[in-house]
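The structure appears below as structure tokens.
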Amino acid sequence: MKKNKKTTVLIVEDELIINKTYAEELRYDGFVVLTATNGKDGLKIALAKKPDLILLDILMPVMDGMTMMDKLRNKNTYGKHVPIVLLSNLSSSEEKIMQTITNTNNEPTSFFVKSDWDLDDVVKKIKSILSKVEL
């Protein structure tokens, strides 16, 4: 993770309780947190603020997470390389979902089924991903 600057995470999640819970936990852990409740706003924030990692819900109003990820990945160098962790309530196996998602050129870095992961595990996974990325 960054040595002199705090790491920024963008949470794009329409379920306000999940959005707020993740934001509070990440702030407690020392992250700068930006939030949006739909993909359209999330895309604007991502391009303007360039967070170090994006937690992105798949099913949202206005613009879904897959569309946001596709637009971001095709926008510029930042968008092509920023780590994206997809979040979903979909109950299919993670492996099956990842196979579907990665059939495009715009893969996420990771994927979580929200009900299968507790908050501490999500934060650990974020830290693990960021430790492998040159920020």
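Which one of LEU59, LEU87, LEU55 is closer than 19 Å to GLU15 by Cβ, in contact with a Gly (Cβ under 9 Å, 6 or more places away or on another chain), of a type outside the set (Phe, Trp, Tyr) and in contact (Cβ under 8 Å) with a residue 60 or more places away in the chain?
Answer to the check: LEU87.
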Quick check: anything in the range 6-14 charged (D, E, K, R), touching a Phe, Trp or Tyr at 6+ places or on another chain (Cβ under 6 Å) and in contact (Cβ under 8 Å) with a residue 12 or more places away in the chain?
no
Would you kindly identify the strands (runs of 3 or more DSSP E) lying entirely within the range 29-95 that contain at least 2 residues that are surrounded by 18 or more Cβ atoms within 10 Å (Cβ to Cβ) and at pLDDT 90 or above?
32-36, 53-57
Within the range 7-25, can you find the residues that are in a helix (DSSP H, G or I) and closer than 23 Å to ARG73 by Cβ?
ASN19, TYR22
Residues being hydrophobic (A, V, I, L, M, F, W, C) and at positive phi - total across the range 27-59
0
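The values are calculated or read from the model by the stated rules, or taken from the named source; none is laboratory data. The shown structure was predicted, so the numbers you read here are calculated from the model rather than taken from an experiment. Virtual Cβ from ideal backbone geometry, glycine too; neighbours counted across all protein chains shown.
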